[in-house]
Amino acid sequence: MGDRREQNSVVMGLVLITIGVIFLGGRQQWGPEWRMETLWPLILIVFGLGRIIAPRYEGRRSSGFWILLTGVLFLLNQLHVVRFEQTWPLFIVLGGLSILIGGGRRRDRGESKGN
């Protein structure tokens, strides 16, 4: 993708579209769950996807995955699919995986802690 301003514009545009659709769904009474207090995690999900699709720095998509995961877990909690209190260990597991994967990438590029 292009420069940082263009990437930020894409992410912010997607976030604004998401907020607008949530409010529109509430106004049109598309369902009882179409309220901002229920669907606010969609903003995190879209923001995370934006970071994955258009990362600020080349190779730095991990922050987008974390934001996406947080949004999905909050949305599942809001929709009463799973309680957030039950899923927090996923952050520990995924944190460990992120460290392992990140360490492997540094070795592949020839970087080390001492360099």
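Where a ≥ b ≥ c are the square roots of the eigenvalues of the C-alpha gyration tensor, would you call the range 4-84 rounded, which needs a/c under 1.5, or, failing that, prolate if a/b is larger than b/c, or oblate? Oblate is the answer for the range 4-84, as a/c is 1.5 or above yet b/c matches or exceeds a/b. Once both labels are positioned 7 Å from their Cα atoms along Cα-to-Cβ, the gap between S63 and E37 label points is 3.2 nm. Phi-derived couplings, Karplus 6.51 cos²θ - 1.76 cosθ + 1.60 at θ = phi - 60°, listed residue by residue for the range 69-78: 4, 4, x, 4, 5, 5, 5, 4, 5, 4 Hz, with x used for Gly and Pro. Label positions at E6 and R27, each projected 7 Å from the Cα along the C-beta direction, are separated by 3.2 nm.
Values in this text are rule-based calculations from the coordinates and carry no lab data. On a predicted model such as this, the values are computed, not experimentally measured, just so you know. For neighbour counting, all protein chains shown are included, and Cβ atoms are generated from backbone atoms with ideal geometry for every residue, glycine included.
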